[in-house]
Every structure is written in C-alpha cells, then in structure tokens.
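The values are calculated or read from the model by the stated rules, or taken from the named source; none is laboratory data. Small disclaimer: the values here were computed from a predicted structure and weren't measured. Glycine also receives a Cβ, built like all others from the backbone with ideal geometry; neighbour counts cover every protein chain displayed.
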Amino acid sequence: MKMITENELHEYNKWLMTVWNPNQLYIPFAVDAPKAYLDHIRKVKNISSNTISGRFKVRISEILKITERRNEINNRELGDIDFLDENDNPIKADKKIIDDFKFCGLSNIDFITSEFYKSGFETLRTHKA
C-alpha cells in the first residue's frame with residue numbers, strides 16, 4: 001500500500017472542501033470521498049495527458065466513435081431528429097426553418113452548430129456581422 005505525501009494530502013483536503021456539504025455529512029462519506037477523489041484525479045490526468053510536452057494526443061478509437069455518431073446524425077432526415085438541450089428538453093425549430101436549411105448544403109450537425117435552428121437565415125446573417 002502506497003503512503004500519500006503531505007502535498008497529496010493537502011490537495012485532497014482542498015478538493016474535499018470544494019465538494020463537501022456539511023449539511024449532508026453521513027458515515028459512508030468517509031469511505032466514498034477518497035474513492036471520488038481518486039476518480040477525479042484520474043479524470044484530470046486523462047484530460048491533461050492529452051497535451052503532454054506540447055503534443056496533442058488523440059485516441060483513434062475516439063475519432064472513430066465521434067465519426068460514427070456524426071454519420072448517424074447526418075444520415076437521418078433533419079425533420080426526424082429530436083435535438084435535445086442540456087436538460088434533455090427538445091429544441092423546437094419552425095418547420096419553415098427546417099425546410100429552408102435543406103437548401104443550404106450543410107449537414108444536420110451544422111443545423112445546430114451554426115445555430116440556424118434559432119432563426120434561420122437571420123442567424124447566419126448575424127454570425128457574419
């Protein structure tokens with residue numbers, strides 16, 4: 001079993017103070033918190049390990065997964081897709097906006113990333129300004 005250093009303990013305590021709610025303290029917290037911290041560290045290391053020595057690293061499997069999902073979205077009829085916001089609420093787009101977008105020559109993903117769904121061609125004019 002590896003002993004943690006004083007610095008690691010200090011970092012753990014700093015993290016604990018950011019996530020701890022004293023009003024919800026319960027006994028399993030003493031067991032769960034260290035595991036949650038280790039999960040947090042792994043996640044941070046995974047994120048920061050993508051840019052070691054100034055080199056950006058990308059897993060091929062990640063690219064393939066993203067590409068597969070993009071193709072799945074773009075190969076559907078735009079009107080048959082329910083785009084959801086961050087709260088899983090469907091985004092409402094006017095039928096005329098969807099019909100107009102079909103003539104843009106862009107992908108279904110562009111419909112969202114360009115924010116065309118908000119107000120159609122008016123959105124594109126605003127973005128260019």
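May I ask you to verify whether residue 81 is modelled with pLDDT under 90 and either in contact with a helix residue (DSSP H, G or I) (Cβ under 6 Å, 6 or more places away or on another chain) or not acidic (Asp, Glu) (or both)?
On the way: modelled with pLDDT under 90: no; either in contact with a helix residue (DSSP H, G or I) (Cβ under 6 Å, 6 or more places away or on another chain) or not acidic (Asp, Glu) (or both): yes.
So residue 81 does not fit the description; no.
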Members of the range 77-100 found to be in a loop (DSSP other than H, G, I, E, B), β-branched (Val, Ile, Thr) and under 15 Å from residue 119 (Cα atoms), listed by number
91
Hey, any hits in the range 90-103 for a residue that's in contact with a Phe, Trp or Tyr (Cβ under 6 Å, 6 or more places away or on another chain), aliphatic (A, V, I, L, M), surrounded by 10 or more Cβ atoms within 10 Å (Cβ to Cβ) and modelled with pLDDT of 70 or more?
yes
Conditions first: (1) at pLDDT 75 or above; (2) assigned to a helix (DSSP H, G or I). Residue 32 passes all but one, so which condition is the exception?
(1)
